[in-house]
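Notes follow once the structure below has been shown.
What follows draws every value from the coordinates through simple rules; no lab data is involved. Worth saying up front: this structure is predicted, and the values here are computed from it rather than measured. Neighbour counts are summed over all protein chains in view; Cβ atoms, including those assigned to glycine, are modelled from backbone coordinates with ideal geometry.
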Amino acid sequence: MAEITPTLQQKIDQRSYEYLWEQINEDDEGASIQILPAYADKSVHFYGTFNGGTLTLEHSMDNTNWTSAIDTGGDAIAVTAVGSVWVGTNARYWRIANDNAGTTEDVDVYLIVGVG
């Protein structure tokens, strides 16, 4: 199992950034990243092949105790197919959890953050 470190893809402007967890496979997890709570506007985008796996965006205030991030409709952000979701919660640390159920899974996850 590998821990995929997110990279800063681009600074969109003075108030927004794009991070990428690239090529999350069936045995991988997304390492945590610290994002200041002032960057409260967030969306997450999943692209690639799932083949039965589920990826969950999780958040934490202490980088130890994790819970599922919630979308603007009040549902956990747990994704089984390509798609995009507006994030409805705010925290200091973020990561991608993998249920490791998929086979030949290969997913890129983008997190866009900004100050509203």
Under the 7 Å Cα-to-Cβ spin-label approximation, D108 and Y39 lie apart by a distance in nanometres of 1.8 nm
The chain - share of DSSP beta bridges that are antiparallel (%, nearest 5): 95 percent
Sequence gap at least 6, Cα distance under 8 Å: using those rules, report the relative contact order of the chain to the nearest whole percent. 39 percent
The distance between the Cα centres of segment 1-46 and segment 74-116, in whole Å, is 9 Å
Quick calc, T89 & Q14: beta-carbon distance into FRET formula, R0 35 Å, rounding 0.05, result 0.90
How large is the dipole of the chain about the Cα centre if only Lys and Arg carry +1 and Asp and Glu carry -1, each at its Cβ, rounded to the nearest 20 debye? 540 debye
By the Cα gyration tensor axes a ≥ b ≥ c (a/c under 1.5 gives rounded; else a/b larger than b/c gives prolate, otherwise oblate), the shape of segment 3-114 is prolate
